[in-house]
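Student: Here it is, the structure, as structure tokens.
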Amino acid sequence: MEKFVVAVDGPAGSGKSTISKIIAKRYGLTYLDTGAMYRMIALKVLKEGADLERVESIERVLSESKIDIDGEKFFLDGEDVSIDIRSREVTAIVSQVAAVKSVREKLVEMQRKIGQGKRVILDGRDIGTVVFPNADLKIFLVASPEERASRRLKDYESKGQEAEFYSVLEEIKKRDKIDSTRKESPLKKATDAVELDTSGMTIEEVCDEISKMVDSRI
Ligand code: CDP
């Protein structure tokens, strides 16, 4: 099979990355976690103590950042930051950084280069709408905010990070709001995407549903 692009979009905690990794393995696709790229710029904003409220400060950080990706390993200026980009500090500001037009332009260009002509699955917020509007399969994953918060809480606990349900729920709702109301490529379902509500579904069940969709398009 030649090029084949699967676009997986949806809000925080809807299961995009977990599902995309499994589907990638099952079908031998390259997986690209585009959220990790926005997280790298957010991490550097924190490291540099840049002013989040000033677009110029974020743009300066962007122009001084060297991003390299090797599978699921993410390197910022040569340093492996795969773990650091998942911290709650990064999570708290990433949506503000991702709303900046020039940040999106640079990262979207990289995403297209990585995916072009390959067999890939990408997850994010704007993959089916902006990055690969001609994707072979577009999936939009949703789940209730409460379910997404409890999944995220489990993630934090498994990493030994302290968290409390209501603050995680608030964090998720805040991020959803910024992501879906921003001017530049907001989070939204592409008109030709298949929506799947994963509330109450196991990972296995979601993957089986998606596998049926992939099979029908290959
Ligand atoms: O995994 P989680 O749902 O927490 O988020 P993520 O995929 O790591 O993405 C982190 C943030 O990056 C999102 O809340 C968005 O603000 C931004 N993002 C984006 O704007 N566009 C993408 N294609 C991917 C992520």
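Student: Name the residues whose placed amide hydrogens come within less than 5 Å of the amide hydrogen of T30, ignoring near sequence neighbours (fewer than 5 apart) on the same chain.
Tutor: R119, V120, I121
Student: Which one, S158, V142, V61, is farthest towards the positive end of the dipole of the stretch 50-159 when Lys and Arg carry +1 and Asp and Glu -1 on their Cβ?
Tutor: After comparing all options, I get V142.
Student: Now for a different question. Based only on other Cβ atoms within 10 Å, what is the fewest-to-most ordering of F140, F4, F75?
Tutor: Ordered from fewest to most neighbouring Cβ atoms within 10 Å, F140, F4, F75 come out as F75, F4, F140.
Student: Which shape class, rounded, prolate or oblate, goes with the chain when its Cα gyration tensor gives a ≥ b ≥ c as root eigenvalues, a/c under 1.5 marks rounded, and past that a/b bigger than b/c marks prolate?
Tutor: Oblate.
Student: Hey, what's the Cα Rg ratio for the stretch 27-117 versus the globular rule of thumb, 2.2 N^0.38 Å?
Tutor: Rounded to two decimals, the normalised Rg is 1.05.
Student: Label the stretch 156-218 by shape, choosing from rounded, prolate and oblate, from the square roots a ≥ b ≥ c of the eigenvalues of the Cα gyration tensor; if a/c is under 1.5 it is rounded, and otherwise prolate applies when a/b is larger than b/c, oblate when it is not.
Tutor: Here the stretch 156-218 falls in the oblate category.
Student: Peptides 196-204, 158-166: what's the order by average Cβ count within 10 Å, highest mean first?
Tutor: Highest-to-lowest ranking by the protection proxy: 196-204, 158-166.
Student: Related question: Please work out whether the stretch 89-132 counts as rounded, prolate or oblate from its C-alpha gyration tensor, where a ≥ b ≥ c are the square roots of the eigenvalues and a/c under 1.5 means rounded, while otherwise a/b larger than b/c means prolate and anything else oblate?
Tutor: prolate
Student: Full-extension gain between E89 and R112, please, as 0.36 nm times their residue separation minus the C-alpha to C-alpha distance.
Tutor: In short, 5.5 nm is gained.
Student: Next question, about the same structure. Expressed as a rounded percentage, what relative contact order does the stretch 41-167 have, with Cα pairs under 8 Å and six or more residues apart?
Tutor: 14
Student: How high is the relative contact order of the chain, in percent, counting Cα pairs under 8 Å that sit 6 or more residues apart?
Tutor: For the chain, the relative contact order is 33 percent.
Student: Could you tally up the Lys pairs in the stretch 123-208 with alpha carbons closer than 20 Å? Skip any pair fewer than 8 positions apart unless they're on separate chains.
Tutor: 12
Student: Here's another thing I want to ask about it. Can you count the Lys pairs in the stretch 1-123 whose Cα atoms are under 17 Å apart, with each pair 8 or more apart or on different chains?
Tutor: For the stretch 1-123, qualifying lysine pairs total 14.
Every read-out reported here was derived from the displayed coordinates using simple, explicitly stated rules and does not represent laboratory data. Computed from a predicted structure; not experimentally measured. Cβ atoms come from the backbone with ideal geometry, glycine included; neighbour counts cover every protein chain shown.
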